[in-house]
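What follows is a short report on a single structure.
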Amino acid sequence: MTVERSVVPHLVDPDAEGANPERRRELQQHRLRGLVDRLLAADGVQAERLRAAGVRQGADVTLRDLPRLPTLSKPDLWEHYPFGLRLAPETDIVCVHGSSGTGGRPTLIPYTAHDLEVWAQVMARALGGAGATRTSVVHCAYGYGLFTGGLGIHHGAIRLGATVVPMSGGMTDRQLRLLLDLRADVLCCTPSYAVHLGEALRAAGIEPDELALRTGVFGAEPWTDGMRAQIEQSLGLRALDIYGLSEVIGPGVACESLDSDGMLNVAEDHFYVEAVDDEGRPVPDGAPGELVFTTLTKTGMPLLRYRTGDIARLAGPAPGSPRTLRRMSKLLGRRDDMLVVRGVNVFPSEIEAVLLADERVAPHYLVVEDRRDPARPELRIAVEPFAESVAVDEAETLRHDLVGALRARLGIGCAVTVLPPGGVPRSETGKARRLARWTGGEPPVRGLG
Ligand code: DLL
């Protein structure tokens with residue numbers, strides 16, 4: 001039942017999605033000036049940095065000046081944890097979301113009712129661009145909770161006037177049952193869970209055309225075009241990419257539409273996007289750069305020039321599309337070494353903190369991002385005991401303790417292997433290799449897996 005490649009989905013919000021780019025730029029500039037005034041009035045960290053950059057009022061800045069304005073990044077949020085960057089009064093905050101995985105230093109984002117409006121609106125556009133309509137049934141298998149995936153899609157589907165089935169993740173048998181019984185035409189989940197659902201469908205002997213699925217909106221973690229083909233085939237739908245991050249709003253910052261030519265339309269009337277090089281200098285359209293977002297309209301915790309660490313290419317609107325929004329490519333990678341595993345963000349530094357807190361562990365370890373099976377990405381961690389030799393049962397106790405400590409800190413299960421002393425390879429140049437990717441073939445370290 002997959003949608004034809006030539007379908008042009010309607011615009012949910014024609015004034016915004018189809019605006020004349022010149023008019024949109026004026027709106028962005030107006031909103032940017034308003035944001036700068038709000039930040040200065042609040043007198044917080046961002047105001048301090050703006051003043052240090054010589055900005056006294058919103059009227060001082062134009063969009064063209066943005067590259068010389070200060071930036072923020074994740075460590076700023078950690079430093080001001082939990083709500084040091086909040087702008088709205090506490091009484092205006094209606095909910096909190098955040099990014100999972102960094103149990104030691106979570107990132108929490110306070111939302112006002114106005115922010116939820118913005119979120120619902122950009123998500124409704126994203127779903128509409130994927131072909132969802134008021135008559136759609138949206139099966140939402142992103143996790144519901146602090147993670148923005150479940151509730152973000154949920155708000156958007158309701159705003160669109162569709163029917164949302166709030167499945168959350170897991171319990172795959174029940175997911176298949178309801179996909180069959182409620183005739184969902186839109187599936188939303190992480191791409192790895194979509195692959196898993198496809199496999200479960202096949203194992204249950206159900207043909208994709210017994211389902212009513214037409215389109216799927218998958219994101220929150222990296223996925224390849226190979227995975228796209230696999231998902232499209234196993235579930236019989238068009239698989240589209242959705243991007244977002246809790247710091248900016250959650251899913252809906254950018255999303256592919258049926259007619260966006262493999263790139264993602266950025267909701268740039270709310271989230272102004274730039275791409276910069278390592279030194280923070282703007283890169284031209286088409287060149288890979290780190291995405292930097294300015295939340296033009298958010299009120300709970302607006303951010304001026306938030307450096308995401310995510311690398312992508314920017315481009316103008318898709319030729320011939322009624323959507324006039326700028327687009328971004330699928331993510332090409334990350335600037336730092338943050339891993340996204342099963343939708344959970346994991347910083348290797350967090351893993352290191354757990355390992356090195358245990359006196360039994362030597363400071364030689366290797367974190368392996370195991371993506372041999374795209375449906376079940378795993379984190380494997382090879383460690384060595386400090387002692388020259390350890391009995392088998394001691395090694396097993398150590399393994400068990402580390403799995404528990406890592407789950408408590410990261411919020412995700414890791415497979416730990418205790419190798420014999422000297423088992424973790426040392427680098428010849430002296431610079432430790434702490435991170436490896438395993439997509440097939442031999443394991444990056446002997447004895448793993
Ligand atoms: O993952 C928001 C989201 C939910 C997006 C559902 C799409 C669908 P965080 O948990 O804060 O928010 O993680 C944000 O995940 O900086 C990227 O590195 C990564 N990420 C998000 N979407 C994609 C994607 C949500 N489509 C971090 N492709 C971001 C690759 C993605 N990586």
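Starting from the 7 Å offset along Cα-to-Cβ, what nm value, one decimal, do you get for the label separation of Asp65 and Val8?
3.9 nm
Describe numerically, in nm with one decimal, the distance between label points set 7 Å from Cα along Cα→Cβ at Glu394 and at Ala229.
Simple spin-label model gives 5.1 nm for this pair.
Would you work out if the stretch 149-209 is rounded, prolate or oblate? Take a ≥ b ≥ c from the square roots of the eigenvalues of the alpha-carbon gyration tensor; rounded if a/c is under 1.5, else prolate when a/b is larger than b/c, oblate otherwise.
prolate
Using the 10 angstrom Cβ neighbour count as an exposure proxy, how do Ser192, Ser389 rank, fewest first?
Ascending number of Cβ neighbours within 10 Å: Ser389, Ser192.
Take the alpha-carbon centre of the stretch 157-177, take the same for the stretch 244-293, and report the distance between them in whole Å.
27 Å
From zero up to wherever the largest Cα-Cα distance of the stretch 339-438 sits, split into 10 Å bins and tell me the percent of pairs in each.
Percent of pairs per bin, in order: 15, 50, 30, 5.
Under the definition of Cα pairs under 8 Å and six or more residues apart, what whole-number percent is the relative contact order of the chain? Working shown, then result.
Numbers: 954 pairs, mean separation 68.1, N = 449.
With pairs under 8 Å counted, the relative contact order is 15 percent.
If we sort 141-147, 436-442 on the protection proxy, mean other Cβ atoms within 10 Å, highest first, what's the order?
Numbers: 141-147: 22.0, 436-442: 11.4.
Packing order, densest peptide first, comes out as 141-147, 436-442.
Considering the chain as a Gaussian network with a 10 Å cut-off on Cα pairs, which listed residue, Pro106, Pro89, Pro317, attains the greatest mean-square fluctuation?
Checking each option, the largest mean-square fluctuation is seen for Pro89.
Using only the Cα atoms of the stretch 1-93, what semi-axes does the equivalent ellipsoid have when each is the square root of 5 times a gyration tensor eigenvalue? Give whole Å, largest first.
Output for the stretch 1-93: semi-axes of 33, 20, 14 Å.
So for Phe271, Phe347, Phe386, fewest C-beta neighbours within 10 Å to most, what's the order?
Ascending Cβ contact count within 10 Å gives the list Phe386, Phe347, Phe271.
Relative contact order of the stretch 339-438, please, whole-number percent, based on alpha carbon pairs below 8 angstrom and at least 6 residues apart.
In percent, rounded to a whole number, it is 33.
Name the most mobile residue of Gly411, Gly422, Gly244, meaning the one with the largest mean-square fluctuation, in a Gaussian network model of the chain with Cα contacts below 10 Å.
Highest fluctuation among the options: Gly422.
Take Leu245, Leu237 and order them by how many other Cβ atoms sit within 10 Å, fewest up front. Don't skip to the answer; put the middle values down first.
Values: Leu245 22, Leu237 28.
With the fewest neighbours first, Leu245, Leu237 line up as Leu245, Leu237.
Considering every pair of different Cα atoms, what Kirkwood radius, in Å, is found for the chain? If you can, show how the numbers build up before the last one.
Numbers: mean 1/r = 0.0432 Å⁻¹.
The answer is 23.1 Å.
To the nearest 20 Debye, how big is the dipole of the chain about its Cα centre, given +1 on the beta carbon of each Lys and Arg and -1 on that of each Asp and Glu?
620 debye
Which FRET efficiency, nearest 0.05, do Gln57 and Glu90 yield, Cβ-Cβ r, R0 35 Å?
Rounded to the nearest 0.05, the efficiency is 0.85.
What number, in percent, do you get for the relative contact order of the stretch 294-335 if the mean sequence gap of Cα pairs under 8 Å and at least 6 apart is divided by its residue count?
It comes to 35 percent, rounded to a whole number.
Since every read-out is calculated from the coordinates, none of them should be taken as a lab result. Everything numeric here is computed off the predicted structure, so don't read it as measured data. Note: ideal-geometry Cβ built from the backbone for every residue, glycine included; neighbour counts use all protein chains shown.
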